[in-house]
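Values quoted throughout were computed directly from the atomic coordinates according to the rules given, and no laboratory measurement underlies them. Values in this document were obtained by computation on a predicted structure and should not be read as measured data. Ideal geometry is used to build each Cβ from the backbone, glycine not excepted, and the neighbour counts take in all protein chains shown.
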Amino acid sequence: MHGARYAGVLDIGKTNVKVAVADLRTVREVDVMTCANTVLPGPPYPHFDTAAHWDFICDALRQLNEKHPIDAISVTAHGASGVLLTSSGDLAAPVMDYEFTGPDELASEYEDLRPDFAETGSPRLAMGLNVGAQLFWQFRSDPGLVDRVATFLAYPQYWAFRLTGVKANEVSSLGCHTDLWNPYANRYSSLVGTLGLSGRMAPVRRANDCLGTLAPDVSERTGLPPRTPVYCGIHDSNASLLPHLLTRKAPFSVVSTGTWVIAFSIGGQSIALDPGRDTLMNVNAFGDAVPSARFMGGREFEILMNARESGCDQRDADAVIEERIMLFPAVEPRSGPFQGRKACWNVDETGLSNGERYAAVANYLALVTAEMLDMTGADGPIIVEGPFAQNDCFLAMLRAAAQRPVETQKTSATGTAIGAALLISGGRAGRGALQEMLQTDVAPVKSQSALEAYAKAWRETVRKT
């Protein structure tokens, strides 16, 4: 959209729901409102409180628009979620929380019918992390559901539909280990027909397509003009990747951090992905297949720190390196490159200070991230965005383990919001400002050799267990 300055961004994360305003001229997030993404326990199963989300979104858009007149709206949301609509546009069933373990009850039956990794680039994952597994469980648990379904929408496009009334799908969300997309042929996978959803998938649109303008009732409720355009939207980690695709030449890799830590390798070495280690073929905003890997790094950080004060001084960081205080995977064993392993420390963790614990956890998270980069053939500089971009211990250990430059994007509180906002400008507005906001190489917190020796010792121990 030419001439737009303020972009409103709906950012539906697994932990929080955010509405942000991004200035497209300076490529900066200028305001944000947040609420917790509370999961309702059921019945019929744990599901997202979409009604509460909608109330928050409308109220936030109204309040933010009063301070920063919003010219257009874009949407980004987490993966592993899809929405089933009736012919009237209502939910045919609640939107399942992908951490619900119900689909595991039918794991062997689902395994028999799901497409091969060679077709979808999607590994078999636990719980409801494959949207196809969610759908299979839902249809089996509620035999009448499939007849009530008129349309399937990916999660970002559901919220675009709520704003506009226009139904669409988009490849970055369809390609996020759903089992529903073939990234090599750029079409729906064979599973769509197997599940009885042929003809019920919304049309595929580009992430930067303008779907339409605000529905009249939404305009009235939010106070935004009815002519406000709304863009199709994008998977959240691919939103984080987009600014770098627009400004960089391959090879490089992007590490998007949040509840999930996801590594994208652009133009790296050709390597066979291992679906048993949570590698997958993502699909970027342009429809290109991107080798990727992920683990629940943000969730692990929360578990490990358990509300303790975050941060450390140089003395704590040095002590962890010198004394080889280490944590080994996996804290969240249901996903990531070390699935099925049980986390353990090489010291009595109860004797660690908060600062030492923080430094050791940061090192652990960086070393798992480096493992993911190796598994996807990553090459060139590593760009870290999101909360871990402000963790100096994490950045220094990642640089030492990968032995490549590490750059950060510290200026955006919501890393995904900028990428989603750029869908509105087509990447043209603020390109120079976008390049400037990407800070260059991070200095290590201690000598490189000591960090490299720590990383080597950690890897050797992990390989032996």
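Values as computed for the structure displayed
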{"quantity": "Cα Rg, Dmax (largest Cα-Cα span) when computed across the range 237-464, Å", "calculated": "17.0, 53"}
{"quantity": "Lysine pairs with alpha-carbon atoms under 26 Å apart, the range 237-464, spacing 8 or more or separate chains", "calculated": "6"}
{"quantity": "5 angstrom amide H check on N37, placed H, neighbours 5+ away", "calculated": "N16, V17"}
{"quantity": "Ellipticity estimate at 222 nm from DSSP helix runs (n ≥ 4, -39,500 (n - 2.57)) divided over the chain, nearest 500", "calculated": "-10500 deg cm²/dmol"}
{"quantity": "Isotropically averaged projected area of the range 6-232, using the convex hull of Cα atoms (one quarter of hull area), nm²", "calculated": "12.1 nm²"}
{"quantity": "Ranked list, fewest to most other Cβ atoms within 10 Å of each Cβ, for K342, K167, K18", "calculated": "K342, K167, K18"}
{"quantity": "Euclidean distance of C-alpha centroids, the range 132-151 and the range 1-52, integer Å", "calculated": "27 Å"}
{"quantity": "Geometric extent, Cα atoms of the range 181-309 - Rg, Dmax (angstrom)", "calculated": "18.7, 52"}
{"quantity": "Cβ-placed point charges (K, R +1; D, E -1), dipole of the range 237-464 about Cα centre in debye, nearest 20", "calculated": "520 debye"}
{"quantity": "Kirkwood hydrodynamic radius (C-alpha pairs) into Stokes-Einstein, the chain, 4 °C and 1.567 mPa s, D in µm²/s", "calculated": "58 µm²/s"}
{"quantity": "Integer Hz, Karplus 6.51/-1.76/1.60 couplings in order for the range 92-106, x for Gly and Pro", "calculated": "7, 7, x, 7, 5, 6, 5, 8, 5, 8, x, x, 5, 5, 10"}
{"quantity": "Summed residue charge, Cβ within 12 Å of L85's Cβ, Lys/Arg positive, Asp/Glu negative", "calculated": "+3"}
{"quantity": "Cα-based helix-to-principal-axis angle, 236-247 vs the chain, degrees rounded to 10", "calculated": "80 degrees"}
{"quantity": "Given charges at beta-carbon only (K, R positive; D, E negative), |dipole| of the range 6-232 in Debye", "calculated": "640 debye"}
{"quantity": "Principal-axis tilt of helix 448-464 within the chain, Cα atoms, nearest 10 degrees", "calculated": "70 degrees"}
